[in-house]
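To start, the structure itself, in structure tokens.
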Amino acid sequence: MSIDETTTTVEEPDFLPQRLWDLFARPGRLMKNVGRWPRWWMAGLLIVVINGVATTWEGPVLLEEYRGRSHSSALNSLVSEKDFLDKLENSVGSGEGSKFSSVISSGMNSWGGTLVFSLVLGFFAKMAGGKGSFSQALGIVHWAALIPYGLGTLVKLVLVLNTGEFARITLSPAVFLPVESVGSFFFILLDSFADVTILWGLVVVVIGFGKVFKLDRSPASLSVFMPWVLITAVTAGFRLMLGL
């Protein structure tokens with residue numbers, strides 16, 4: 001029996017294509033492999049490339065849309081409209097800066113957020129009695145993040161390029177609201193808390209903490225969703241205040 005178990009463990013494929021397949025089809029198996037070999041940097045590089053390229057391609061649509069929008073007084077009090085647009089042009093690679101540096105900068109912003117979120121969730125998981133390491137927490141969150149920051153980003157990119165809209169494009173029920181609602185409390189609430197790919201990714205993180213940190217479903221869910229709700233609420237508050 002032990003020989004069969006050893007053979008099964010050795011023969012389990014764990015290459016990048018297999019991990020990506022398992023992410024959507026067999027997340028439990030993926031997280032078992034992540035527990036043994038986190039390889040969070042591999043998922044991080046994919047996040048950098050996908051989000052950096054997507055932001056650059058969406059740049060012209062984003063700029064055109066923001067030029068035609070009136071921004072909140074809170075945003076105007078922080079930065080002038082010209083400075084805001086200049087910074088936006090540089091961030092999406094439409095200014096005088098290098099396209100390559102724009103791709104890397106935009107992608108690194110997404111990766112940086114994933115790194116911080118990984119450490120926060122790892123801390124909460126350990127506080128809940130989890131037995132895993134921070135390296136494993138990085139792996140769990142990074143691979144799960146490929147759902148919103150990989151699949152979600154690519155789907156949004158296709159929708160943005162096909163519709164010519166940016167702010168209204170969301171993978172939440174907010175997409176069904178009228179254009180005039182963009183930036184409103186209800187739109188931001190749905191966009192922040194009901195994005196299908198984000199919720200899907202969080203469920204995969206819960207599975208990961210259950211498999212790797214040996215947590216029951218309740219403490220695993222609490223250690224993931226409680227900090228996410230707090231962080232998302234703060235972010236949504238800033239968006240509402242600035243009208244973004």
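Bear in mind these aren't lab numbers, they're just calculated from the coordinates by the rules spelled out. Because the structure is a prediction, the values reported are computed rather than measured. Heads up, the Cβs are rebuilt from the backbone with ideal geometry, glycines too, and the neighbour counts pull from every protein chain shown.
Structural remarks
- Sequentially through the stretch 206-219, phi angles give Karplus couplings (6.51, -1.76, 1.60; θ = phi - 60°) of 4, 4, x, 5, x, 6, 8, 8, 6, 9, 5, 4, 5, x Hz, Gly and Pro residues having no value and appearing as x.
- Taking 0.36 nm per residue of separation and subtracting the Cα-Cα distance, full extension of the segment from GLU180 to LEU16 would add 54.8 nm.
- Two-site label geometry, PHE24 and MET226: point separation in nm, points 7 Å out along Cα→Cβ: 3.4
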